[in-house]
1. Test each condition in (1) part of a loop (DSSP other than H, G, I, E, B); (2) buried (at least 16 other Cβ atoms within 10 Å of the Cβ) for Phe106 and report the one that comes out false.
2. Open to solvent by less than 10 Å² (accessible area, probe 1.4 Å) and either under 15 Å from Ala200 (Cβ atoms) or in a helix (DSSP H, G or I) (or both): is that true of Ala65 in this structure?
3. Out of curiosity, is Thr90 part of a loop (DSSP other than H, G, I, E, B) and modelled with pLDDT of 90 or more?
4. If you take the residues of the range 164-180 that are touching a Leu at 6+ places or on another chain (Cβ under 8 Å) and open to solvent by less than 30 Å² (accessible area, probe 1.4 Å), which of them is modelled with the lowest pLDDT?
5. Which of the residues spanning the range 113-152 are among the small types (Gly, Ala, Ser) and either buried (at least 16 other Cβ atoms within 10 Å of the Cβ) or in contact with a Gly (Cβ under 6 Å, 6 or more places away or on another chain) (or both)?
6. Can Gln81 be described as under 30 Å from Val162 (Cβ atoms), of a type in the set (S, T, N, Q), assigned to a helix (DSSP H, G or I) and open to solvent by 20 Å² or more (accessible area, probe 1.4 Å)?
7. Only residues that are modelled with pLDDT under 70 and either open to solvent by 50 Å² or more (accessible area, probe 1.4 Å) or aromatic (Phe, Trp, Tyr) (or both): list them for the range 181-207, please.
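The values are calculated or read from the model by the stated rules, or taken from the named source; none is laboratory data. Since we're looking at a predicted model, the values are computed, not measured. All Cβ positions, even for glycine, are placed from backbone atoms using ideal geometry, and neighbour counts span all protein chains on display. Only protein heavy atoms, including side chains, enter the accessible area calculation; ligands, DNA and RNA are left aside. Shrake-Rupley method; radii C 1.70, N 1.55, O 1.52, S 1.80 Å.
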Amino acid sequence: MVKPSIPSDAPITSVVENPRRAQIRREAARLFAERGFLGVGVDEIGRAVGISGPGLYRHFAGKDAMLADLLIGISERLLDQGRRRVDAATDPRAALESLLQGHIDFALDESALIVLHDRELLNLPDKERREVRSLQRQYVELWVGVAREVFPGLGEEARPAVHAVFGLLNSTPHSAAVGPSGADHPAGRAAMAALLHRLALGALGSAAQAVPEQ
C-alpha cells in the first residue's frame, strides 16, 4: 500500500496549542535571538505580546522555562516531523527529499531558533541541555540511516556528511539576504530553498564519491 505523503509546506508541528502561549514563544525567541537571553527581561516579553510581565507566569514558570521550552521544543518537533516524513515516504530517496524539505523550511522560517540555539544552549541547566543533545543525536541518526540508503558509498562518512549538511542549512540566518529578492520575499525564499536543496544533495553525493574504496 502506498504511504500517504506529507506536503512540502506542512508546518513543523501539527499540534494545536494555546494561541497566547504560541505568541509568547515566538516573541521570546525573537527577543532572545536579537538581544541575548540575559539581555531580555520578562516584562519586555510581556509588553511584546500585550500582557503584563507577571501574566506570563500563567503560561511559563519564568524566563529559564521559556528558553528550555524553545530549545527542547524545536528539537522534539524536528525529530517527530522527521520520523513522520520517513514513515510516510515510499522509498529512501523520497524520505531524503522529504527530510530535506522539512529542514529547509525550518531553516528559512525559524531562523530565530537557530540563532538562539547557537548562542544560548549553554544557558540551559545540565538536565535540559542533555535532553536537547539527546534529541539532536536521534535526529542526526535518522538522517544518517536514510542518507546511507540513498548514497551507499557514504559508509562511515555518512554522519560527518549529515552534520556538514546541517551546518550548511542552518547558516541561513547569516547568509539569507532580506529585501525584494531575499529570503523574506516569496520569490527570494523559493530561490533560496532551491539553492539549499541543490547544495545539500550535492554535498552528500560528493561525500559518497570521495570515500575511497576498500
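1. It fails just one condition, (1).
2. Details: open to solvent by less than 10 Å² (accessible area, probe 1.4 Å): no; either under 15 Å from Ala200 (Cβ atoms) or in a helix (DSSP H, G or I) (or both): yes.
Against the criterion (open to solvent by less than 10 Å² (accessible area, probe 1.4 Å) and either under 15 Å from Ala200 (Cβ atoms) or in a helix (DSSP H, G or I) (or both)), Ala65 does not qualify.
3. For Thr90, the condition - part of a loop (DSSP other than H, G, I, E, B) and modelled with pLDDT of 90 or more - is met.
4. Going residue by residue through the range 164-180, those that are touching a Leu at 6+ places or on another chain (Cβ under 8 Å) are 165, 168-169, 172, 176.
Filter again for open to solvent by less than 30 Å² (accessible area, probe 1.4 Å), leaving 165, 169, 172, 176.
Numbers: Val165: 95, Leu169: 94, Thr172: 83, Ala176: 54.
Per the criteria, the residue is Ala176.
5. Let us first name the residues in the range 113-152 that are among the small types (Gly, Ala, Ser), namely 134, 145, 147.
Hit for the range 113-152 is Ala147, nothing else.
6. Working: under 30 Å from Val162 (Cβ atoms): yes; of a type in the set (S, T, N, Q): yes; assigned to a helix (DSSP H, G or I): yes; open to solvent by 20 Å² or more (accessible area, probe 1.4 Å): no.
The answer is no for Gln81.
7. If we filter the range 181-207 for residues that are modelled with pLDDT under 70, which is where we start, we get 181-187.
Answer for the range 181-207, where residues must be modelled with pLDDT under 70 and either open to solvent by 50 Å² or more (accessible area, probe 1.4 Å) or aromatic (Phe, Trp, Tyr) (or both): Ser181, Asp184, His185, Pro186, Ala187.
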